[in-house]
Structures are given as C-alpha cells and as structure tokens.
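The values are calculated or read from the model by the stated rules, or taken from the named source; none is laboratory data. All values derive from a computational prediction rather than experimental measurement. No Cβ is skipped: glycine too gets one built from the backbone with ideal geometry, and neighbour counts run over all protein chains shown.
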Amino acid sequence: MLSSEARFETEIRQSLPGMRVMVNGEHLRGKLKRLAMEPPIRLLSRLILKRMPIPASTRALWDLSERPAYLLGLNFAARQAIREGVRAFSAVEFGVAGGNGLIVLEKEAAAISRDHDLAISVVGFDRGSGGLPDFIGDHRDHPDIWKPGDFPMDEAALRARLSPTTQLFLGDVAASLPKFLGDQTQPPLGFISFDLDLYSSTSSALMVLSSPAARMLEHVALAFDDVDHARSHRFAGELLAIDEFNERSQRVKIDRWRGLAQNRPFPEAGYLQKMYIAHDLPAIGRSGLARNTLRRDLNQG
Ligand SMILES: C[S@@+](CC[C@H](N)C(=O)[O-])C[C@H]1O[C@@H](n2cnc3c(N)ncnc32)[C@H](O)[C@@H]1O
C-alpha cells in the first residue's frame, strides 16, 4: 500500500507526462515538491491533495483548512512542543461569538493531536450574550468599525456544538483570564488566536503572555484577525495593543512571523500577514541544542 505522499508523487508524475525526473529517491521527492508548488501547477497539486488523506502538516503548507491560520499555528506549536520534549499544549481563541472559529480550532487540534500523539487543550474566551463591551471612548477601540453589542453569543447553541473537553471562559476577559492563569493544570500555551476586535480587550488578553503566572512554549504562534483592514493602523486596535505589549513586557516579545511566506505554494495568501510569534526571551536564553556540531565545507554554497 502506497503512503499518501508516494501516491501524491505518482499522481503528480502521471499528470505531467514527459516530465524528466531524477530517479534518485531524495532528489526526486524534493524536485517533485518544488515543481508541485510552481504556478500554475500548484492549483492542480492542491486539487489533488484536497482529495487525499494527507497529514495535517501537509494541509498546513497548502492552506487546506477552513481556517488556515489556525492549522498553521497549531502545526507550529506541535513542532515546538516536540522540540522542547513537551507532550501537551494549549490552543486558545480570544473572541468566540457564534463559535465558528472555535469549532474549527477543535477539529484541527484533534487532527494535529492524532498526527503527533500530543494532547492539545482547546480554550475559548468570550463575554457571551453581551457581545462587544462598551468602548474606552476614543479612536483606539475603532468606533469607526465596531459597535458595542456586536457579535452576541448564543451560549446554549454553541455548547451543543462544542466537544465536552473544550473549555469556555465566559465574562470579560480581564476577569476570566486570571482564573485560567491560576489553574496549574493548564498545559503551556502553544497557539493563540486574538479576535476580540478592540484595543482595550486585546490589551487585557495579552496579559496571558506577560503575566508572571503565564506558562508557554519558548515560541508561541499567534494569529491576529484585525491587523489588515484599510482602516487598521498602529495607533489603534490590535496593532497598538501589540506595540504597547512590547514596551511593557521585558520577558516576552511579539514579532511578525518572519520567513513564513518562503517555500510555500501560496506565499501571497493574505492570512500570512496576520501571523505573529511570541518569544520568551529568558527561556530561549536557557535553551541548548542536543545535536551534532554544524559544519560547512569551504566549497559549499
Ligand atoms: C468578531 S467576534 C469573534 C468571532 C470568532 N472568533 C469567529 O471566528 O467566529 C469578537 C468577540 O469578542 C468578544 N469580546 C470582545 N471584547 C471582549 C472582552 N473584553 N472580554 C471577552 N470577550 C470579548 C465579543 O463578545 C465577540 O463575541
């Protein structure tokens, strides 16, 4: 029985008759992968992959998810957990509303968890039926985009759709977050989605990374939903909350997820611009790699 990757290679080869390929195993695979990502072949490749039972990490590369940002963040967190020898992490969504995002987070966490034999704890934070809270009264909460009361949750309908293992923290995030942080049984943070819309709410939620009680992997994948509207700017909303977080927090710093668009079949995908990483600087400073010394020969490129 062929592995799904081998089947993919076969299908690609069959779909490209006359293509000259090297027969050396490793070389062929790398060449095929690169070729499969070339426009316009990439569209055909994605169509084929969509029909195949491929690992979640391959889906993450090809943006094959209802929420590619969630799958990408979870996949990164799984790899980071494995690097650190950790068998469990938390995946958090700030701002749940009707729950469409949280349901996908559950589904993709289950897929990643199966592929890597990791435990992923899925957690959602929301005010509940009240929707967006009152604003702080100036431009920073973007009253040009949002209104208090937007996105009310139907809690009963949501709970009926959620897995019993998913945790919902209801109430203003400033009040509910300390309960989460105080619970020592929660595994370290691996992936967080911020979708609270407001500067004020996002500033409160970012305490999840700067609180002395925060437990996190060395690098935590983050997705911010509202950083790329035409009316987004660094002086309001999530972008301002990130800048202020970095000024305030000495231990953890948030930066763009660098190099993310490289070696991807769809580097232009808009959501890639919304991905960030939180870096725990002292933890990184304490880390050491258990691997052989890297060597580079003089005649290597
Ligand atoms: C845009 S909706 C979230 C949509 C959801 N992520 C999805 O993908 O369907 C924003 C949510 O953030 C919640 N929210 C905003 N400020 C909050 C706060 N201070 N505390 C808790 N929830 C808040 C609102 O209740 C609202 O449901």
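Would you tally the residues in the stretch 87-123 being within 22 Å of residue 58 (Cα to Cα), within 11 Å of the ligand (Cβ to nearest atom) and crowded, with 24+ Cβ neighbours inside 10 Å?
2
Condition first: buried (at least 24 other Cβ atoms within 10 Å of the Cβ) and within 16 Å of the ligand (Cβ to nearest atom). Can you find one or more residues in the stretch 77-86 that meet it?
no
I need every pair where a residue in the stretch 92-106 that is in the same structural domain as residue 167 (by TED's automatic domain parsing) has its Cβ under 6 Å from the Cβ of a residue that is in a strand (DSSP E or B) and of a type in the set (Asp, Glu), sequence separation at least 6 or different chains.
Once the first residue is in the same structural domain as residue 167 (by TED's automatic domain parsing) and sits in the stretch 92-106, its partners that are in a strand (DSSP E or B) and of a type in the set (Asp, Glu) give 96/126; 101/93; 102/93; 105/93.
How many residues are over 24 Å from residue 207 (Cβ atoms) and crowded, with 24+ Cβ neighbours inside 10 Å if we restrict to the stretch 61-76?
3
Anything in the stretch 158-185 that is within 13 Å of the ligand (Cβ to nearest atom), hydrophobic (A, V, I, L, M, F, W, C) and assigned to a helix (DSSP H, G or I)? List them, or say none.
Once the filter is applied, which keeps residues that are within 13 Å of the ligand (Cβ to nearest atom), hydrophobic (A, V, I, L, M, F, W, C) and assigned to a helix (DSSP H, G or I), the stretch 158-185 yields 158, 173, 174, 175, 177, 180.
Check the stretch 229-236 and report whether any residue there is over 25 Å from residue 88 (Cβ atoms) and crowded, with 19+ Cβ neighbours inside 10 Å. Reasoning before the result, please.
Pass one, the stretch 229-236, residues over 25 Å from residue 88 (Cβ atoms): 229-236.
Narrowing the set further to residues that are crowded, with 19+ Cβ neighbours inside 10 Å leaves 236.
Within the stretch 229-236 (the criterion being over 25 Å from residue 88 (Cβ atoms) and crowded, with 19+ Cβ neighbours inside 10 Å), the answer is yes, since at least one residue qualifies.
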